[in-house]
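The values are calculated or read from the model by the stated rules, or taken from the named source; none is laboratory data. Keep in mind the model is a prediction, meaning the values are calculated, not measured. So basically every Cβ, Gly included, is an ideal-geometry build from the backbone, and we count neighbours across all protein chains shown.
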Amino acid sequence: MGRLYWKFFLFFFFAQLTAVLVVSLAIGVVNDKRERERRLIDSAPGAKTMVLAAAGTLQISGITSLKSLLDIWLTEPLPQLYAVNEEGVDLLNRDLPKGINKESLAALTIDTDNRAIQQIHADDGHDYWLFVEPRNKRPAPTYFNGVRIQQNFKYLFPAMPLIVGIFVSLIFAAMLAWYFSKPIKQLRLAFESAASGNLDARVGTVMQGRRDELADLGSAFDVMVSRVSQLIQSQTHLMHQVSHELRSPLARLQIAIGLIKQQSTQADAAHQVNEKISTSLNRIETESVRMDHLVGELLTLSRLESGVTALQKERVDLNELLQELVEDANFEGMTNNVKVEYAPIANVFVEAQADLLQRAIDNIIRNAVKYTSANTTVMLTTIVNQISKSVVLTVKDSGSGVTENELESIFKPFYRASTNEAAHGYGLGLAIAKQIIESHAGVVRAVNVPNSGLQVTIILPMIE
Amino acid sequence: MDKILLIDDDVELVEMLKEYIDLEGFSASTAHDGEAGLQVLQADTYDLVVLDVMMPKLNGIDTLRRIRQNSNMPVIMLTAKGDDADRIVGLEMGADDYVPKPCTPRELVARIRAILRRAKPQASHAKTITLNELTLMPEQRRVEWAGEPLVLTSTEFNLLEVLVERAGNVVSKQMLSELALGRPMAKFDRNIDVHMSSVRQKLTAAAGGKQLIQTVYRLGYQYLK
């Protein structure tokens with residue numbers, strides 16, 4: 001759900017709840033008062049007008065006039081107005097409405113709005129209470145035998161509104177919180193995806209239909225990622241094109257060299273000069289072959305990085321793949337008496353494009369053979385991790401290792417390590433290897449092994 | 001003197017190559033695109049074609065396909081380095097071998113020589129071999145199945161010949177490469193696999209679905225007796 005969601009939710013929930021409570025209370029109090037009033041006497045505006053009229057008549061014209069007025073009113077379709085004296089007797093000797101007696105009248109006079117019930121001292125020497133009978137003639141339960149019962153807190157504290165309030169608040173708060181936190185979560189996921197290298201991440205489709213600042217934010221994100229992706233693609237494309245273009249002049253160069261060599265072996269004048277030319281020519285040829293090799297590697301790397309060609313994966317026996325590589329590597333290591341040892345492991349299969357994967361691992365093994373000290377052994381081990389369904393391949397050499405903070409950098413193209421005295425850096429071998437392994441959903445890392453050298457670990461997912 | 005046709009759109013390169021190849025004792029002609037190359041082939045007979053893959057108008061693969069419609073003459077492809085897809089497709093289309101470009105002209109000539117040598121009937125393997133319905137005639141470089149001729153490219157014939165001569169035994173890919181192509185197998189080389197797949201297809205089609213060539217895991221191929 002996320003913290004933002006809960007913050008929104010709780011805030012609005014309590015805000016709504018409080019509002020509901022306060023309003024309920026206020027209404028409750030007001031209603032309660034009115035309820036009480038209405039139960040015994042009518043306190044509607046109409047009733048108040050009647051009481052006013054009656055009071056006015058009594059005060060101005062006296063008790064007889066009031067009696068006449070009441071008599072007239074009895075013939076009209078009006079609610080009855082009672083004039084009750086301090087003995088509890090009505091002026092027209094009517095039966096009092098339920099709950100009305102000397103004591104309750106006294107209490108009512110204090111409690112109620114004095115336009116609904118008035119106590120007037122009449123010219124006959126009596127006090128009269130003037131009020132209109134209640135429209136619903138049921139007595140208030142708060143008065144029992146004239147005794148005022150303790151206020152029932154139930155009516156002051158509105159239970160029903162509270163329950164409904166809680167319920168409704170919950171729903172609306174949840175909805176509101178969800179409405180805001182969902183797009184924010186989507187954005188966050190998109191950002192994370194882009195940051196981890198997936199430049200196809202877009203939010204637009206997910207946020208479709210939404211029109212507000214958050215949707216604008218989503219659009220801005222999409223534009224940004226799209227632009228970055230384009231920039232990277234054009235760079236990769238450029239590298240690809242450059243490498244491609246370099247090939248033609250290189251091809252021609254090699255043929256030109258071949259022609260000179262051809263002709264120089266056939267000429268015979270100035271034997272020494274020919275030797276010198278011959279040496280230089282060989283040098284030129286070597287260098288052009290090197291350039292050619294480099295261009296090929298650049299092309300491979302740029303092709304892999306741009307993801308132009310999809311990998312053609314198949315079920316590959318890892319052991320078989322490694323055996324071949326180890327044989328070749330042992331052959332190459334013979335010049336420095338470097339051996340490559342490998343403990344075969346059976347029945348390990350990965351889903352891979354065989355030639356690419358072989359090349360990647362080959363680059364790493366050759367690297368180890370190159371940098372390990374003379375007369376040492378490069379150890380190749382494979383471990384199967386059943387839990388994560390992956391195979392862990394380690395290549396350990398006995399060289400000088402690599403400085404700690406450069407362990408990640410050696411996989412960068414053309415990186416030159418600081419401990420490296422040799423003229424050649426790591427070139428593109430490791431960079432290509434990393435690219436290939438990662439496009440096979442694998443991981444490659446390097447660590448220093450104390451008293452040994454560098455250890456490169458490759459982790460690849462296994463299949464049955 | 002063997003006649004070589006070079007088809008490549010890089011004019012300067014092709015002219016230099018022609019010069020080189022001529023000095024090596026061949027007679028080289030050039031064409032600068034697929035269409036022109038096909039026309040030249042129709043006008044005269046050649047012993048081998050060197051064909052660049054990436055050309056405008058009719059590209060290498062399509063040109064190869066057109067050549068193969070009429071002839072099984074040896075074809076060497078010049079492929080872009082690192083472009084495996086084109087290479088495989090080319091081999092599937094019937095090219096005999098490929099040489100990555102750029103390469104030293106010496107390598108190219110060595111390849112040409114190797115392929116040419118094996119494209120000619122060799123005096124040492126004069127005898128016809130018959131195995132059930134299969135009849136292999138090395139001196140004519142022809143194969144028949146139940147009397148019907150089997151159309152194979154030069155390299156495909158070589159491969160089949162090597163297998164049939166050792167029928168019942170497994171022949172390693174290395175040996176196949178050296179004997180049929182005249183070169184050791186390169187790393188990550190799918191060459192032999194593609195050629196064998198083609199041979200197998202053609203043979204099975206002619207034999208009415210019978211599988212005669214067996215792939216032995218990690219060891220090589222075998223022709224079943």
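I'd like to check something: does the stretch B:60-74 contain any residue that is in a helix (DSSP H, G or I) and without any contact (Cβ under 8 Å) to a residue 24 or more places away in the chain?
The answer is yes, given that some residue of the stretch B:60-74 is in a helix (DSSP H, G or I) and without any contact (Cβ under 8 Å) to a residue 24 or more places away in the chain.
If you go through the stretch A:373-399 one residue at a time, how many are out of contact with any helix residue (DSSP H, G or I) (no Cβ under 8 Å at 6 or more places or on another chain) and part of a strand (DSSP E or B)?
Result for the stretch A:373-399: 9.
In the set A:207, A:224, which member is modelled with pLDDT under 80, assigned by TED's automatic domain parsing to the domain that holds residue A:304 and farther than 30 Å from residue A:17 by Cβ?
On inspection, the qualifying residue turns out to be A:207.
For the stretch A:57-75, check the following and say yes or no: at least one residue is among the aromatic types (Phe, Trp, Tyr), touching a Leu at 6+ places or on another chain (Cβ under 7 Å), over 30 Å from residue A:171 (Cα atoms) and surrounded by 20 or more Cβ atoms within 10 Å (Cβ to Cβ).
no
Looking at the stretch B:176-195, is at least one residue over 22 Å from residue B:96 (Cβ atoms) and touching a residue at least 60 places away in the same chain (Cβ under 8 Å)?
no
State all residues of the stretch B:143-155 that are farther than 19 Å from residue B:67 by Cα and in a strand (DSSP E or B); if no residue qualifies, say none.
B:143, B:144, B:145, B:148, B:149
Under the condition of being among the small types (Gly, Ala, Ser) and out of contact with any helix residue (DSSP H, G or I) (no Cβ under 6 Å at 6 or more places or on another chain), which residue from the stretch A:347-366 is modelled with the lowest pLDDT?
Among those that are among the small types (Gly, Ala, Ser) and out of contact with any helix residue (DSSP H, G or I) (no Cβ under 6 Å at 6 or more places or on another chain), it is A:354.
Tell me, which residue of the stretch B:133-154 that is within 21 Å of residue B:196 (Cβ to Cβ) and either β-branched (Val, Ile, Thr) or exposed (fewer than 13 other Cβ atoms within 10 Å of the Cβ) (or both) is nearest to the chain's Cα centre (by Cα)?
Ranking the qualifying residues of the stretch B:133-154, first place goes to B:153.
Within the stretch A:205-228, which residues are surrounded by fewer than 16 Cβ atoms within 10 Å (Cβ to Cβ) and part of a helix (DSSP H, G or I)?
A:213, A:216, A:217, A:219, A:220, A:223, A:224, A:226, A:227, A:228
Looking at (1) at pLDDT below 90; (2) more than 14 Å from every other protein chain (Cβ to nearest Cβ); (3) touching a strand residue (DSSP E or B) at 6+ places or on another chain (Cβ under 7 Å), which one does residue B:126 not meet, given that it meets all the others?
All conditions are met except number (3).
Among B:22, B:86, B:9, which is touching a residue at least 40 places away in the same chain (Cβ under 8 Å) and within 13 Å of chain A (Cβ to nearest Cβ)?
Just one listed residue meets the conditions, B:9.
Run down B:45, B:30 and say which single residue is in a loop (DSSP other than H, G, I, E, B) and more than 19 Å from residue B:93 (Cβ to Cβ).
Checking each option against the conditions leaves just B:45.
Go through the stretch B:165-184 and count every residue that is surrounded by 20 or more Cβ atoms within 10 Å (Cβ to Cβ) and either small (Gly, Ala, Ser) or in a helix (DSSP H, G or I) (or both).
Residues flagged as surrounded by 20 or more Cβ atoms within 10 Å (Cβ to Cβ) and either small (Gly, Ala, Ser) or in a helix (DSSP H, G or I) (or both) within the stretch B:165-184 amount to 4.
Report the residue count in the stretch B:216-225 for those that are away from every other protein chain (no Cβ under 14 Å) and either of a type in the set (A, V, I, L, M, F, W, C) or free of Cβ contacts under 8 Å to residues at least 40 places away in the same chain (or both).
1
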